[in-house]
Structure formats: C-alpha cells, structure tokens
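Peer 1: Okay, handing you the structure first.
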Amino acid sequence: MRELEKQIGYDLDSLADPLGKNITVGELVEWFLATKTAAKPNTLTNYKFVQNLLKGETFNDKKFLR
C-alpha cells in the first residue's frame, strides 16, 4: 500500500497519467499542451497548428507506452 501511495504521489508530482499509462499519441500531445499555461499567444497558436496536423496522421491514434 505504501508503494502504491508513493507511485501515485510521484505521478501527481510529475503530472503523469496516474490511471492508464497507456494513452494515445494524440492524448499525450493534448496533455502536454494543457500543461503549457505560461506560453505566449503565438506559441500556443503554433502548438495548436501542429496538433491539428497530427490529427490527420495515422500514428496519432497509436498507443504511447512509457
């Protein structure tokens, strides 16, 4: 139980996905962009542009395993 608590604490501190650890590339990009709160508006626009490009790629729906 203590090991599980440590792992959950580590996941929360590192902003990792504590539930699945089995997410798609698109979900990973979405999660990454959600962490970018202090970016400038032009940078956010460029991030969204690349995210939209990735949505059309086949590997966007592939599972990302850590």
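Laboratory data are not the source of any read-out in this text; all were calculated from the coordinates shown. Everything numeric in this text was worked out from a predicted model, so none of it was measured. No Cβ is skipped: glycine too gets one built from the backbone with ideal geometry, and neighbour counts run over all protein chains shown.
Peer 1: Taking R0 as 30 Å, what FRET efficiency do you get between Lys55 and Glu3 from their Cβ-Cβ distance, rounded to the nearest 0.05?
Peer 2: According to the calculation, E is roughly 0.20.
Peer 1: At 0.36 nm per residue, minus the direct Cα-Cα distance, what do Leu44 and Glu27 gain on full extension? Give it in nm, one decimal, please.
Peer 2: 4.4 nm
Peer 1: Under 5 Å between amide hydrogens, which residues at least 5 positions from Thr24 or on another chain qualify, with H placed 1.01 Å from N in the peptide plane?
Peer 2: Phe64
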